[in-house]
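A short worksheet on the structure shown next.
Bear in mind these aren't lab numbers, they're just calculated from the coordinates by the rules spelled out. As the structure is a prediction and not an experimental result, all values here were calculated from the model. Please note: Cβ atoms are built from the backbone with ideal geometry, for glycine as well, and neighbour counts cover all protein chains shown.
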Amino acid sequence: YQVIASSYERRSISFTTNIEFSKWGTVFADDKLAAAIIDRIVHHGRLIEFTGPSRRVSQALMFGKTDNQ
């Protein structure tokens, strides 16, 4: 939180996650802290959502793919 709060309106921060905001309270073990972080992120933030099939999943060795496929 301290990194995000000290950066708020002063510098850019990029986040990448596959966890939706409603689950951030679990990640930070505190719903109020997660809400404060989300509040600062979305105030001037831009959400870029990628959809479609995952390249990593399509190439996953555990699904029988090889480097030649």
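Before moving on, here are some points about what is shown:
- Filtered residues of region 6-15 (kept if surrounded by 11 or more Cβ atoms within 10 Å (Cβ to Cβ) and out of contact with any helix residue (DSSP H, G or I) (no Cβ under 6 Å at 6 or more places or on another chain)): Ser7
- Residues of region 1-47 satisfying the condition of being more than 16 Å from the chain's Cα centre (by Cα), among the hydroxyl-bearing types (Ser, Thr, Tyr) and not in a loop (DSSP other than H, G, I, E, B): Ser6, Ser7
- Qualifying positions in region 41-62 - more than 26 Å from Tyr1 (Cβ to Cβ) and of a type in the set (Val, Ile, Thr): Thr51, Val57
- Members of region 16-44 found to be in contact with an Asp or Glu (Cβ under 9 Å, 6 or more places away or on another chain), surrounded by 11 or more Cβ atoms within 10 Å (Cβ to Cβ) and not small (Gly, Ala, Ser), listed by number: Trp24, Arg40
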